[in-house]
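In what follows, a single structure is set out as structure tokens and then discussed.
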Amino acid sequence: MSIIKELYKRIFKIIKDYNNIVIARHIGPDPDALASQIALRDSIKLTFPEKKVLAIGAGVNRFKYIGSLDKIEEPLEDCLLIVLDVPNFIRVDGIEDLEYKTILKIDHHPAEDIIGEVDWTDETKSSTCEMITNLIMNTKLVMDQKIAENLYLGMVFDSDRFLLRNTSKETFKTVYDLLNESHINFVPLYDLLYERSIVEEKFRAYLINNINITENNFGFINVPDNILKKYKVEASVVSNQVNDFFFIKELICWMFVVYDERNNIYKANIRSRGPVVNEIASKYNGGGHKYASGCRTQNYKDLEALAHDLDLACKAYLDQENN
């Protein structure tokens, strides 16, 4: 039996062994985090109707089409915690008071401090949804149309329509197998991810017109609260538009910053077409992928220092390329 098939078997067994299961993911979830979480919950519930399976954490109104989340109303005995799409405990949403017996981890980020009793960490995967798709299709876990649609949405989002470096031939095989198995009509799903109001498009124009680009091809913009109010957009819209800058010739790395007034915290989203950025972000309690990272802080000076480090990384990258 291959290593990956043995891993599928171990994951299925640990899910089968627990009657109380809580599925968590990172704070400020994107469609991959939410879709993988909700798809896995729904698949386990379809497969094992007698189990109590909860998907927890704060929701995002913009992504409510993916599905609803749960609250822990009472203590759960002998609980299995499944952690998806997040490598470090500090960024896991909603587990502060949770008592659990063991952890199952499934993630495509570089490994950090979360290590599960059963641990599937694979940086080569485009998304956690790609991993959950493979898990469901290679075990006795059940999939219906809604589960398949969510998994497709997560793969499309985290690969930016299969344009980013994390897309591989295995990604396309997984998508083919999913579509062949489920027969979902995937074209209308793109509207859920990419349809925008004219106000959001005007806001994107603001971002383009106001981003500062250094001589090292590093781009930076801090979006103040009054601009969000002017364009009547939420803070989450800023992070949703960061990928739109991937094909601007003058940028090799860029960072969007927005202040989340409700939670009293600055959020930074970083993307790169050259320098590795996750190691730099980790110095400021952030992290993520090599070319797609972020961080959160209450201290704006941290972001100024982060921007300085990213600019230096761009300079070093350009010097290396020129040599």
task = Would you be able to say whether some residue in the range 5-26 is in contact with a Phe, Trp or Tyr (Cβ under 8 Å, 6 or more places away or on another chain) and either within 23 Å of Gly294 (Cβ to Cβ) or part of a loop (DSSP other than H, G, I, E, B) (or both)?
result = no
inquiry  = Condition first: modelled with pLDDT of 95 or more and of a type in the set (Val, Ile, Thr). Now tell me which residues in the range 181-205 satisfy that.
reply    = Ile184, Val187
request  = Could you list, in sequence order, all residues of the range 244-300 that are under 17 Å from Asn216 (Cβ atoms), touching a residue at least 40 places away in the same chain (Cβ under 8 Å) and touching a Cys at 6+ places or on another chain (Cβ under 8 Å)?
outcome  = Ile252, Cys253, Ile270, Gly274, Pro275
query = Which condition number in (1) part of a helix (DSSP H, G or I); (2) under 15 Å from the mean Cα position of the chain (by Cα); (3) of a type in the set (Lys, Arg) is the one that Lys301 fails?
reply = (2)
request  = Only residues in the range 1-26 that are farther than 15 Å from Leu141 by Cα and assigned by TED's automatic domain parsing to the domain that holds Asp70 count as the first member; pair them with residues that are among the hydroxyl-bearing types (Ser, Thr, Tyr) and surrounded by fewer than 20 Cβ atoms within 10 Å (Cβ to Cβ), Cβ under 8 angstrom, at least 6 apart or cross-chain, and list the lot.
outcome  = Val22/Tyr100
ask   = Of the conditions (1) surrounded by fewer than 18 Cβ atoms within 10 Å (Cβ to Cβ); (2) touching a residue at least 40 places away in the same chain (Cβ under 8 Å); (3) of a type in the set (Gly, Ala, Ser), Ser68 fails just one. Which one is it?
value = (2)
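Say whether the condition of being of a type in the set (Ser, Thr, Tyr) and free of Cβ contacts under 8 Å to residues at least 12 places away in the same chain is met by at least one residue in the range 198-221.
no
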note = Reported set for the range 50-74 where residues are assigned to a loop (DSSP other than H, G, I, E, B), in contact with an Asp or Glu (Cβ under 7 Å, 6 or more places away or on another chain) and modelled with pLDDT of 95 or more is Ile56, Gly57
ask   = In the range 63-90, what residues are under 15 Å from the mean Cα position of the chain (by Cα) and more than 21 Å from Gly286 (Cα to Cα)?
value = Phe63, Ile66
query = Does Leu310 meet the test of being more than 18 Å from the chain's Cα centre (by Cα) and surrounded by 19 or more Cβ atoms within 10 Å (Cβ to Cβ)?
reply = yes
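The values are calculated or read from the model by the stated rules, or taken from the named source; none is laboratory data. None of these values were measured; they are calculated from a predicted model. As a convention, Cβ positions derive from the backbone with ideal geometry for all residues, glycine included, and neighbour counts pool all protein chains shown.
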